[in-house]
Amino acid sequence: MTAGFIIQQMINGVTLGGMYALIALGYTLFYGIMLMINFAHSEMFMIGGFVGLGMLKVLTDPAIVGQAAVDFFTGSTAGLLVMFAIVFLVAMIAVGILGVVIERLAYRPLRHAPRLAPLISAIGVSIFLANAILLWVSTKQLPYPDVLTVRPAFTIAGASMSTLQVTIVFTSIGLMLVLDTFISRTKIGKAMRATSQDREASGLMGIDINRMIAVAFFIGPALGAVAGIFYGLYYGSVVFNMGFIPGIKSFTAAVIGGIGNLRGAMLGGFVLGILESLAGGFLSSGYQDVIAFAILILVLIFRPGGLLGESVVEKV
């Protein structure tokens, strides 16, 4: 194995880890504010990929937006940036609103029920969303439009990192920093942290608990939508059942970093992505899933709080 091969696997792993980290941020937000695992979050990631695909088709269809707009979007770097800004913004808003609606209909009525009830509800919502896309959209893989020319951004020791890979890594890190700043510095973020620590006391202090939970259920799916679009661009297609494995692995990443800890979710995503890529390169691609879940078992046994610790206050 050459140094270039190892570096290439590391680059691939960091790219994969960036997508895992974006999804893991949603899991850790939900757990931090409600102490629940929202297994429907993986379907938010999937739906984000489909919404992004739909917007890309709309913005590159001369019959809808006009030939001049299509030439602008696809004919220059500035046009591509504008087009993808629109795609990401629409997908984030649409999937974020879907997350709020699901919280209102499927989780809020069960807020005071035994903890197993919302978990079962989340699994039911996950199955419903996957089958809705299967029945109403397509049963097949849908290719993403070839509107992004993937060129090597730079080369190190024979290993190359494409512009798309650079975009995925820096976007995921940037969104994590924005979210971390939002949670730690803004008034809404502080209210969300208070809600996660003691919901009843926060309500007595005048905090709108329902609103804070709704904000979390908007932000988490919105970040998942970004990951879904990146997944479609990186792998070239989307399909109705694509959310399950990345969703489980992203949950693994959240546990590795420390469930409820935003920085831990990001760290866990990158750690898992790199280890999975190295396992695929040195062993076989068939071992990637085995490695991911073996790491989860080891972390739960030897460090159940995660690498950076579980950022959730225990109530006594």
Within the stretch 26-48, residues in a helix (DSSP H, G or I), among the hydrophobic types (A, V, I, L, M, F, W, C) and farther than 17 Å from A91 by Cα come out as L29, F30, I33, M34
State which residue pairs qualify: first residue within 26 Å of R263 (Cβ to Cβ) and inside the stretch 154-176, second residue in a loop (DSSP other than H, G, I, E, B) in any location, beta carbons under 7 Å apart, and separation of 6 or more residues or different chains.
L164/L148; L164/V150
Selection count where residues are over 16 Å from M92 (Cα atoms), of a type in the set (V, I, T) and touching a helix residue (DSSP H, G or I) at 6+ places or on another chain (Cβ under 7 Å), scope the stretch 1-25
3
R211: passes all of (1) in contact with a helix residue (DSSP H, G or I) (Cβ under 8 Å, 6 or more places away or on another chain); (2) closer than 19 Å to I102 by Cβ but (1)
Would you please list the contacts, defined by Cβ atoms under 7 Å and residues six or more apart or on different chains, that run from a residue in the stretch 90-108 that is under 17 Å from I209 (Cβ atoms) to a residue that is among the polar types (S, T, N, Q)?
Y107/S121
Could you look through the stretch 1-22, keep only residues that are of a type in the set (S, T, Y) and part of a helix (DSSP H, G or I), and pick out the one that is nearest to L267 (Cα to Cα)?
Y20
Out of the residues in the stretch 149-178 that are of a type in the set (A, V, I, L, M, F, W, C) and in a strand (DSSP E or B), state the one that is modelled with the highest pLDDT.
M161
Per the filter on the stretch 5-30, residues more than 19 Å from T171 (Cβ to Cβ) and in contact with a Ser or Thr (Cβ under 9 Å, 6 or more places away or on another chain) are Q8, Q9
How many residues does the stretch 102-119 hold that are surrounded by 13 or more Cβ atoms within 10 Å (Cβ to Cβ) and assigned to a helix (DSSP H, G or I)?
10
P246 - would you say it is within 11 Å of the chain's Cα centre (by Cα) and either charged (D, E, K, R) or surrounded by fewer than 24 Cβ atoms within 10 Å (Cβ to Cβ) (or both)?
yes
Just give me the residues in the stretch 232-286 being in a loop (DSSP other than H, G, I, E, B), modelled with pLDDT under 90 and touching a Leu at 6+ places or on another chain (Cβ under 6 Å), in sequence order.
G258, N261
Top-ranked residue of the stretch 194-208 - restricted to ones that are part of a helix (DSSP H, G or I) and touching a residue at least 40 places away in the same chain (Cβ under 8 Å), ranked as nearest to T28 (Cα to Cα):
S196
The listed residue being at pLDDT below 90 and of a type outside the set (D, E), out of L129, L110
L110
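The values are calculated or read from the model by the stated rules, or taken from the named source; none is laboratory data. For clarity, every value in this text was computed on a predicted model and none was experimentally measured. Methodologically, a virtual Cβ is constructed for each residue, glycine included, from the backbone with ideal geometry; neighbour enumeration extends over all protein chains shown.
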